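Asker: Structure incoming, see below.
Please treat every number below as a calculation from the coordinates, not as lab data. None of these values were measured; they are calculated from a predicted model. So basically every Cβ, Gly included, is an ideal-geometry build from the backbone, and we count neighbours across all protein chains shown.
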Amino acid sequence: MKAIKKFFLTISTAVTVLCLVSSGAFAATLNVVSGQLMGATGVTVGGGVYDVRFVDGTCAVAYSGCDDISDFTFQSAADALLAAQALLEQVLIDGPDGLFDYYPTRVNGVTQTPGNVYTAFGFPTPRYPDDPTHFLDVSVSLAHNAFGANTDQAVISSNPLYAADDLSDHNTAVYAVWGPQVSAVPLPAALPLYGAGMALMGFIGWRKKRVATA
């Protein structure tokens with residue numbers, strides 16, 4: 001009985017570790033063209049998986065007009081900050097596809113370091129008080145991609161971007177345009193085994209207690 005309990009305790013411990021590892025960021029697939037990072041697919045942000053592409057130009061060009069909150073995949077500062085963190089941890093990285101953290105200029109739209117990748121999520125200032133569909137500024141999160149992970153930073157920008165500003169004129173800036181959620185983050189495959197192991201351990205404990213009190 002002790003051997004069985006010890007066996008399932010070992011399994012449950014191992015599976016717990018596996019679940020914790022699996023709950024972290026999944027590997028994104030980078031879209032690299034001629035050495036330039038154009039975007040990525042399968043980026044985990046919060047509880048969802050998304051695609052992203054890097055787009056130069058104005059907010060209107062990047063976000064289908066940039067005139068309604070529905071133009072943005074992430075519509076709160078908290079979600080946009082998670083998106084910026086996901087870029088730094090899963091996309092703007094050094095790996096077999098290229099050194100996109102050490103060399104930020106290998107990111108599409110960035111020609112001078114450091115690279116600043118903006119995710120738009122809202123509008124802080126209407127352009128015309130009588131026409132709320134026109135906006136002067138756009139609120140953004142910022143994935144600041146410098147020469148190494150120790151200098152990278154994900155923040156909500158304290159200064160909104162001018163919506164009509166053309167980022168193609170800015171050597172260090174580009175928009176991150178996120179597609180709709182592709183899927184939800186899947187549960188770890190080992191989770192059913194973990195549950196079965198815990199249930200059996202509970203049954204063993206219950207039987208042992210019942211025999212002891214009989």
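Asker: Amide H neighbours of Val107 under 5 Å, counting only residues 5+ apart in sequence or on other chains, H built in-plane at 1.01 Å?
Answerer: Correct list: Leu37.
Asker: Taking amide H positions as placed in the peptide plane 1.01 Å from N, state which residues far from Asp165 in sequence (5 or more) or on other chains have amide H under 5 Å from it.
Answerer: Cys59
Asker: D for segment 28-187, whole µm²/s, Stokes-Einstein with Kirkwood Rh over alpha-carbon pairs at 20 °C and 1.002 mPa s: what number? Please report the intermediate quantities before stating the final value.
Answerer: Details: Rh = 15.6 Å.
Here the translational diffusion coefficient equals 138 µm²/s.
Asker: Ok, one more. Using 0.36 nm times the number of residues separating Ile156 and Val33, minus their current alpha carbon distance, what extension gain do you get? Before the final figure, lay out each step's value.
Answerer: Details: separation 123, 0.36 × 123 = 44.28 nm, distance 2.92 nm.
My answer for the length gained is 41.4 nm.
Asker: Net charge near Gly148, counting Lys/Arg +1 and Asp/Glu -1 over other residues with Cβ under 15 Å of its Cβ?
Answerer: On the way: positive: Arg106; negative: Glu89, Asp94, Asp101, Asp152.
Residues close to Gly148 contribute a combined charge of -3.
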